[in-house]
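Heads up: the structure comes next, in structure tokens.
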Amino acid sequence: MRVRFRPSAVAALVSAGVLLLSACDVGWPTDPFDSHRVSGPWRVTASAISSTCGLADDEPFEMRVIQNGEILQFVVEIQGFGPVRYDGWLDRSGDFEVGHSTVFASRGLEDRAIVDGQFGSGGRTLSGTEIETITDLRTGERCRIHWRWSGRRS
């Protein structure tokens, strides 16, 4: 023998269930990168800490940051050359590592750099250090600049 609920009883059960669920504080999973959304334009100043390449002045520049979850790219426009792309990753704590290897054929130079840093203030600031190695492709001579980066989202 089948037991049937009357429509008013079913409605009462559904209403009670909705009320119970709405009263619960359910910890639904969130995107681990919510607090570190960093895509967009940035203003950065690189200050030389040390250099074997001679005098290195502070270098303010603008860059565009592209983020897809943990994948990260910095795009810096170099006057007379075009965009240089630093590719890397971002972890859940806001730490990042990006790097590039670019050949400036007209200048006979190879530029390699790695930046280790961290985003702070909910993805509104960044700080880090860059190790840049410049190689003269004609002579094989190398020099290195150690930079400190500090930046803010534009």
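Coordinate-derived values only; no laboratory data. If you're wondering where the values come from, they're calculated on a predicted model, not measured in any experiment. FYI the Cβ positions are ideal-geometry reconstructions off the backbone, even for glycines, and counts take in every protein chain you see.
So what's the net charge close to Arg124: Lys and Arg +1, Asp and Glu -1, counting the other residues with Cβ under 11 Å from its Cβ?
+3
Could you give the radius of gyration (one decimal) and Dmax (whole number) of the Cα atoms in region 31-95, in Å?
Considering region 31-95 through its Cα atoms, Rg and Dmax are 14.2, 45 Å.
For region 111-154, which trypsin sites (Lys or Arg not before Pro) are both in a DSSP coil and crowded by at most 11 other Cβ atoms within 10 Å?
In loop regions of region 111-154 (DSSP not H, G, I, E or B), the sparsely surrounded trypsin sites (Lys or Arg not before Pro) are Arg138.
Set the Förster distance to 30 Å, then compute FRET efficiency between Ser39 and Thr133 from the Cβ-Cβ distance, nearest 0.05.
Calculated value: 0.60.
If you put +1 on each Lys and Arg Cβ and -1 on each Asp and Glu Cβ, how big is the dipole of region 34-153 around its Cα centre, in Debye rounded to 20?
It works out to roughly 240 debye.
For Ser50 paired with Glu77, estimate the spin-label separation in nm (one decimal), with each label point 7 Å from Cα along the Cα-to-Cβ line.
3.5
What is the projected area of the convex hull of the Cα atoms of region 25-154, averaged over all directions, in nm²?
8.6
Order these by the 10 Å Cβ neighbour count, fewest first: Leu137, Leu126.
Result, fewest neighbours first: Leu137, Leu126.
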